[in-house]
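Some notes on the structure that comes next.
The values are calculated or read from the model by the stated rules, or taken from the named source; none is laboratory data. None of these values were measured; they are calculated from a predicted model. Heads up, the Cβs are rebuilt from the backbone with ideal geometry, glycines too, and the neighbour counts pull from every protein chain shown.
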């Protein structure tokens with residue numbers, strides 16, 4: 001799975017990861033020390049240890065309320081601050097079980113996006129507790145169900161992304177958002193408009209909610225996100241395209257400014273497709289490519305990674321009519 005727990009938290013908060021220290025994130029996520037389990041806490045007497053062991057069995061059986069009571073009894077007999085901290089993680093994990101249940105209900109009701117966003121909040125709070133296992137399993141399921149990756153730059157395709165047009169591939173771990181290669185895109189010397197074009201995209205985007213990606217502004221400029229379209233649907237026998245001025249071709253596209261902070265840090269961008277403004281009768285049902293572009297004459301240097309589409313919630317099955 002490409003997005004670790006640490007990155008899930010970043011996606012939610014839209015916090016920034018300052019370069020060149022971004023590579024250290026890989027050692028900070030919840031899986032870094034999975035092979036070294038923490039030692040069991042010590043207690044002042046055997047009765048507290050018995051309560052602790054009882055709580056663990058209840059937790060594993062899904063009896064979270066009973067487990068919480070057992071752990072609270074054990075907490076009063078924990079020997080040191082470190083021992084108390086370990087028991088408190090179990091207590092917090094019991095509390096997180098109700099949040100997990102709520103998120104699972106969202107998923108069952110086909111509210112996948114709401115479940116995903118709530119899950120990121122839950123991971124931020126409960127990601128270092130014993131309830132993190134079920135939370136991460138649900139996170140993996142929803143990641144696979146909601147997102148369609150259209151470019152991750154893992155394969156250094158220099159024919160698509162040429163140095164002639166300011167594109168190069170970065171493999172230095174100090175500059176990576178998630179440990180895999182990313183694309184560096186900078187202005188060319190001739191000062192022409194800059195464009196990063198992604199052609200391997202679905203044609204019909206009506207099923208998607210947003211387009212999302214990572215970007216770091218090494219030298220800042222404000223880019224635009226452009227969805228090129230082959231045109232719109234016909235209405236009453238008349239094409240939806242706008243008439244072109246004499247001697248000019250009609251360009252059909254949807255456009256939006258990229259909502260970013262002026263910082264050299266990695267930041268996660270989410271652009272709702274509903275916010276794109278249509279030009280020339282463009283629709284999301286006839287997409288030809290996706291572009292990020294910068295006007296001519298601008299000096300810029302960006303790092304870009306993991307461009308992906310986020311799906312809308314699946315439609316709920318129609319209910320059978322009630323019998324009278």
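Assorted remarks:
- Test: residue in region 161-180 that is in contact with a helix residue (DSSP H, G or I) (Cβ under 8 Å, 6 or more places away or on another chain) and farther than 21 Å from residue 266 by Cβ: no
- Residues of region 106-133 satisfying the condition of being closer than 28 Å to residue 72 by Cα and surrounded by fewer than 19 Cβ atoms within 10 Å (Cβ to Cβ): 118, 121, 124, 125, 128, 130, 133
- Within region 278-290, if we keep just the residues that are part of a strand (DSSP E or B) and surrounded by fewer than 19 Cβ atoms within 10 Å (Cβ to Cβ), the residue that is modelled with the lowest pLDDT turns out to be 279.
- Filter pass, residue 209 being touching a residue at least 60 places away in the same chain (Cβ under 8 Å) and part of a loop (DSSP other than H, G, I, E, B): no
- All positions within region 292-307 that are out of contact with any helix residue (DSSP H, G or I) (no Cβ under 9 Å at 6 or more places or on another chain) and crowded, with 18+ Cβ neighbours inside 10 Å: 292, 294, 300, 302, 304, 305, 306, 307
- Hits in region 157-199 - residues which are within 23 Å of the chain's Cα centre (by Cα) and assigned to a loop (DSSP other than H, G, I, E, B): 171, 172, 176, 177, 178, 179, 180, 181, 199
- Region 220-249, residues that are over 24 Å from the mean Cα position of the chain (by Cα) and at pLDDT 50 or above: 229, 230, 231, 232, 233
- Exactly one residue out of 267, 186, 207 is within 14 Å of residue 308 (Cα to Cα) and at pLDDT 90 or above: that is 207.
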